[in-house]
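Note sheet for the following structure.
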Amino acid sequence: MLLIHCPCCGVDRPEIEFRHGGEAHIARPADPSALDDHQWADFLYMRSNPKGVTAERWRHVHGCGRFFNALRDTVSDRFLAVYRTGEPRPDLDAASTGMEGGK
Amino acid sequence: MSETALYRPALADNQANAEVLARPGIKVTRAGPLARFVFRGDAAAAGKAGGAFGAALPVAPLAANAVGARAALWQGPDEWLLLARPEADGEQAVDMLARQLAGEVAAALGDTPHSLVDVSERNVALLVEGAGAADLLNAHVFLDLSPEAFPVGTATRTLFTKAEITLWRLGDEAFAIEVWRSFAPYVEGLLIEG
Ligand SMILES: [Zn+2]
């Protein structure tokens, strides 16, 4: 079973305590009424779905209940970093050299 | 055995029903009713609530603070489970204590934003005790329950197979399971199966 590090609880916890919350850092448009339908659909539905490192929201739903963000490699399913909501996406070099992500 | 005065076996008139499981090295008991609250608020609100409630709300993740017949369990960074046992037996005593505590906490908080929800009847507690307690729990709980990883005083929400519980380590060989009432038969059944 995958262990995921919750930055709020400060511990590694089994994957089943968590829910995936979709791609991270998708900012809601400041003025939605200024967008046309195509742009709004982009915001609502279009996600990057990369092969490799992706930033995602996760929620520790059966633990502290909080959302946080994580960098995960979609090829290996390895968590490279976890960070709190509102913090900037960590740069990958830092992430690959010592972040205490889940294993 | 339990290092808190909070839990005791279910009431005398239910004594026959209090025992869920008794085997060498393992005992599972239904605990008597408690007044229970979910408190939510920031650090300032939590500080005031702890004073009124009679047990400080712990700031450290996964911590529980038991003081006499009161306990405050960290559930999240702005969320606590508050437990209190009345002096007298009976549901009526629980109800009276819950009203009293709700009033006192609300008075202490005043205009400080917070949420206090009475969940006294939402949860029931099961006490799992004995040398085999951790092993029995680990048939259904996916956490490392070694004393190093899960020391006495740790409390956390987690899963018991498919049911969400709050697991609190009361002693080296004693745990309390706080579980929603309708999930309790499921949890008890799985504990009996082992
Ligand atoms: Zn957590």
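Suppose we look only past 17 Å in the calculated P(r) of the range A:3-84. What percent of the Cα-Cα pairs does that tail hold?
So the pairs more than 17 Å apart make up 51 percent of the total in the range A:3-84.
With each pseudo-label sitting 7 Å past Cα toward Cβ, what's the A:TRP40-A:GLU87 distance in nm, one decimal?
About 3.6 nm separates the two model spin labels.
Can you sort A:PHE18, B:PHE183, A:PHE68 by how many other beta carbons sit within 10 Å, fewest first?
Listing A:PHE18, B:PHE183, A:PHE68 from fewest to most nearby Cβ atoms yields B:PHE183, A:PHE18, A:PHE68.
Taking neighbour Cβ counts within 10 Å as the exposure measure, how do A:SER33, A:SER76, B:SER115 sort from fewest upward?
Ascending number of Cβ neighbours within 10 Å: A:SER33, A:SER76, B:SER115.
First measure r as the distance between the Cβ atoms of B:ALA106 and B:ALA5, then evaluate 1/(1 + (r/R0)^6) with R0 = 35 Å and state the FRET efficiency to the nearest 0.05.
Once rounded, the FRET efficiency stands at 0.85.
How much length is gained on full extension from B:ALA139 to B:ALA22, taking 0.36 nm per residue of separation minus their Cα-Cα distance?
Value of the extension gain: 40.4 nm.
Please average, across the residues of B:157-166, the number of beta carbons from any other chain that are within 10 Å of each residue's own beta carbon, and give a whole number.
So the per-residue partner count for this stretch is 3.
Given the C-alpha centroids of the range B:148-179 and the range A:8-41, what is the distance between them in whole angstrom?
Using only Cα atoms to place each centre, the spacing works out to 31 Å.
Quick one: if the Förster radius is 25 Å, what FRET efficiency do B:TYR186 and B:VAL117 give, using the C-beta to C-beta distance and rounding to 0.05?
0.60
Evaluate peptide A:62-69: per residue, the Cβ atoms of other protein chains within 10 Å of its Cβ; return the mean as an integer.
Across the residues of A:62-69, the mean count of other-chain Cβ atoms within 10 Å is 5.
Treating the beta-carbon of each Lys and Arg as +1 and of each Asp and Glu as -1, no other charges, what is the dipole magnitude of the range A:3-84 about its Cα centre, to the nearest 20 debye?
Here the range A:3-84 has a charge dipole of around 340 debye.
When every alpha-carbon pair in chain B is counted, what percent end up more than 28 Å apart?
More than 28 Å apart: 22 percent of the Cα pairs in chain B.
Which whole-number percent is the relative contact order of chain A (Cα, under 8 Å, 6+ apart)?
28 percent
Just the projected area, averaged over all directions, of the convex hull on the alpha carbon atoms of the range B:34-120: how many nm²?
4.8 nm²
Coordinate-derived values only; no laboratory data. Computed from a predicted model, the values in this text were never measured in an experiment. Note that each Cβ is placed from the backbone with ideal geometry, even for glycine, and that neighbours are counted across all protein chains shown.
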